[in-house]
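One structure is given here, and the rest of the page talks about it.
The values are calculated or read from the model by the stated rules, or taken from the named source; none is laboratory data. From a predicted model like this one, the values you see are computed outputs, not experimental measurements. Cβ: placed from backbone, ideal geometry, glycine included. Neighbour counts: every protein chain shown. The area values use the complete protein model at the heavy-atom level, side chains included, leaving out ligands, DNA and RNA. Shrake-Rupley method; radii C 1.70, N 1.55, O 1.52, S 1.80 Å.
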2 protein chains.
Amino acid sequence: MTYRFSVTYRIRATDLAEAKDRALGTALEQTVEIPRDVVPKGYVEDEILGRVEDLQPLSNGIWQAVIGYSPDSAGDELTQFLNVVFGNSSIQQGIRVTAIDPGATMAARLPGPRFGIAGIRRLCGRATGGLIAPVLKPMGLGPADLAQLAAGCVRGGADIIKEDHGLAGQPSAPFKARVAAIARSVADANAETGAKALYFPNLSGTADEIEANLHFAKAAGADGILIIPGLFGFGLVQHVARDAALNLPVMTHPAFLGPYVLAPDFGLDHGVLFGTIQRLAGADISVFPNVGGRFGFTHDECAQIARACRTPDGPGRPLMPSPGGGMNVNRAVDMKAMYGDDVVFLLGGSLLKDPARIDEAVRQMRHALDATAPE
Amino acid sequence: MTYRFSVTYRIRATDLAEAKDRALGTALEQTVEIPRDVVPKGYVEDEILGRVEDLQPLSNGIWQAVIGYSPDSAGDELTQFLNVVFGNSSIQQGIRVTAIDPGATMAARLPGPRFGIAGIRRLCGRATGGLIAPVLKPMGLGPADLAQLAAGCVRGGADIIKEDHGLAGQPSAPFKARVAAIARSVADANAETGAKALYFPNLSGTADEIEANLHFAKAAGADGILIIPGLFGFGLVQHVARDAALNLPVMTHPAFLGPYVLAPDFGLDHGVLFGTIQRLAGADISVFPNVGGRFGFTHDECAQIARACRTPDGPGRPLMPSPGGGMNVNRAVDMKAMYGDDVVFLLGGSLLKDPARIDEAVRQMRHALDATAPE
């Protein structure tokens, strides 16, 4: 028995007739991509063709359509699943994905995060409270300087040492030299302090280097991997999340993904892109720009992301939302109030005012979070 | 001697002071991603930090900023180059990439299309006139049915037989069985008719299958590869384009890329995404939705794409623009007038009214294009 998956779209249309046309057109566009009157009878029409399962008015000129698709149209590949969800329709105005329900069959094929919230807490040894993830930067520093910053972060009580998403294969700090130096530094500082801080390098490289870089990072002692799906594709997230031998948690970064969410009239809802799709791909931590920083996400959009990341209803295990982008210790109380405890707080440039005292800056953030803990 | 690359952004700002702030903020955001006052002196400040090279008002509330970046910030990786061009800034409202000038240093690292317009013409043996590329679909057909359609297309005079971007690893036509059957069918029909039609399968698979699928396609006789960079990343395009042993031309498909261009206020200009970036990645043919079909691109947007694909000024060789999406023989005269000869016309669902006579439908398109040829 296979179960179909369904996608909820918000569609702009002047009346019911146009809304029906657009919904039926989407069901065609996302599957057979040919006019309705030439769809072959039998398997293609009965199984492959998308079906409009529901169509409701939401407000003036705005409709909600639920379209059901066959797992046979997606196969086992996350990339093709996303292609059915929104491949060609992403190029149209007035249609936005607001929910994805993978159904039992696709949920089994896309089982989600290997670690999730509980797994990440176990790895870094922080059973309760928000996690702190300082970011190693700026690009242009050499491996030794970055390694020294990393050690300071461990001593200050960081849970995850995350590399900046802009650290790639630059000549100032090539991937392997950098990862080896930082992993050693984090391990030494962990040994010295008894901490269990995790190190997440930023995966980079040309397509033929990626696999070797992944395994190099693992062998060097990295505890997880940062991936930019907007540049490398969600298939790479799925690949790492599925690799039992590698067994590394994945943190995803939103670079180059902005246009998917920025307009209410097309693209993907914030919770779909930074929550549901991340879970389907198998990410354990999803980074997104927090309200009030350098980016324009609203409180509601961020709350939607956190909800999609953490709902126990799936798909797969709950993952850690990770707000960042201009965060600092002065916002700790607000952020704690907004996100609660199952969250990874990114700390970037605000830590670098005095690089030699980065440990102190991380420690202040820890104190600020703990001071606001419920009694 | 290294030459910096530059990116032109259209920025929303109420006055010159805000425009300056945004431009300087972008130069920081896209490189060091830390506040200006904590940027380390020396190499990071002098070389890595982006530089605002020009700032001009365009119209009321709209400014144009040119920001120069160091090749050291990008290294050799296309993905990191794109990350510097627009990674984090893609998440902001009111900033859009309108041009990319790679400069001599990055142009040498990203040499562009292996085949380009001249190479594609040589491969398919059509020295002049527009190329015709019928699309094999719908998903749900088996390899034998798709192979039969392909043979009909060859007999009708198709230049490129392109698979629908929705044909992946579905159970109805798994990648290897499908590619083997269609490649054989196209080869047989070419031998029978003396044609040189090219077959471009749609690359799919999980991340660990991609490389094997590529080499399987080559060995089976595929003449090129269709890639969806919106799902698989532009790094995969670069990888295939660079592989001298594979030596296959690349056609790219716009699925899942729509949100980058749909709003004038953020994202990337149409010509940048479907022209300049495709060239930098090494694509030889760039598919995009034509004006007047099922998608909403305007005449000017499509003309901008064609211009960016074909300008002799680079980067790299000119590539073939490939308009599609609801095209048919009745539009041949208009399309020829708009795009001229160096173009690949996609033909999809309109060919499938009578699958047994698809050869006749392709032949009609050829006649329509040739009938409008300049005398």
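Per-residue ellipticity at 222 nm, computed for the protein assembly as shown from helices alone with -39500 (n - 2.57) per DSSP H run of at least four residues, works out to -11000 deg cm²/dmol. Our summary gives chain A a relative contact order of 18 percent, counting only alpha carbon pairs under 8 angstrom and 6 or more residues apart.
Computed about the Cα centre, the dipole magnitude for region B:1-89 is approximately 280 debye when only Lys and Arg (+1) and Asp and Glu (-1) carry charge, each at its Cβ.
Interface of B with A. Using a 1.4 Å probe and counting protein heavy atoms only, the two chains hide about 6200 Å² of accessible surface, both sides summed.
Average accessible surface for region B:1-132: 38 Å² per residue, computed with a 1.4 Å probe over protein heavy atoms with every protein chain in place. Restricting region B:1-56 to trypsin sites (Lys or Arg not before Pro) that sit in a DSSP loop and have at most 13 other Cβ atoms within 10 Å of their own Cβ leaves B:K41. In region B:39-70, the residues that give up 20 Å² or more of accessible area when the other protein chains are added, compared with the chain on its own (1.4 Å probe), are B:P40, B:Y43, B:V44, B:I48. Applying both filters, DSSP loop and at most 16 other Cβ atoms within 10 Å, to the trypsin sites (Lys or Arg not before Pro) of region B:133-215 gives B:K196.
Surface composition of chain A: carbon plus sulfur atoms hold 52% of the accessible area, using a 1.4 angstrom probe and ignoring ligands, DNA and RNA. Per residue of B:265-275, other chain Cβ atoms within 10 Å of the residue Cβ number 1 on average.
A loss of 30 Å² or more of accessible area (1.4 Å probe, protein heavy atoms, ligands and nucleic acids excluded) relative to the isolated chain is seen in these residues of region A:281-301: A:R294, A:F295. Expressed to the nearest 5 percent, the antiparallel share of DSSP beta bridges inside the protein assembly as shown is 45 percent. The residues of region A:126-174 occluded by other protein chains by 50 Å² or more of accessible area, set against the chain on its own, are A:P138, A:M139, A:H165; surface from heavy atoms, 1.4 Å probe. Normalised per residue, the accessible area of region A:149-219 is 31 Å², obtained with a 1.4 Å probe and no contribution from ligands, DNA or RNA.
Each Lys and Arg adds +1 at its Cβ and each Asp and Glu adds -1 at its Cβ; summed about the Cα centre, region A:245-375 shows a dipole of about 240 debye.
Among DSSP bridges having both ends in chain B, what percentage is antiparallel? Round to the nearest 5. So the antiparallel bridges in chain B amount to around 45 percent.
At a probe radius of 1.4 angstrom, the accessible area of region B:317-356 per residue rounds to 37 square angstrom. How much net charge surrounds B:R366 when only other residues with a Cβ under 15 Å from its Cβ are counted (Lys, Arg +1; Asp, Glu -1)? Surrounding charge for B:R366 is +2. Annotation for region B:295-322 versus region A:92-136: alpha-carbon center distance of 39 Å.
Beyond 22 Å in Cα-Cα separation lie the following of the pairs B:K162/B:K353; A:K162/A:K218; A:K20/B:K353; A:K162/A:K196; A:K162/A:K336; B:K137/B:K353: A:K20/B:K353.
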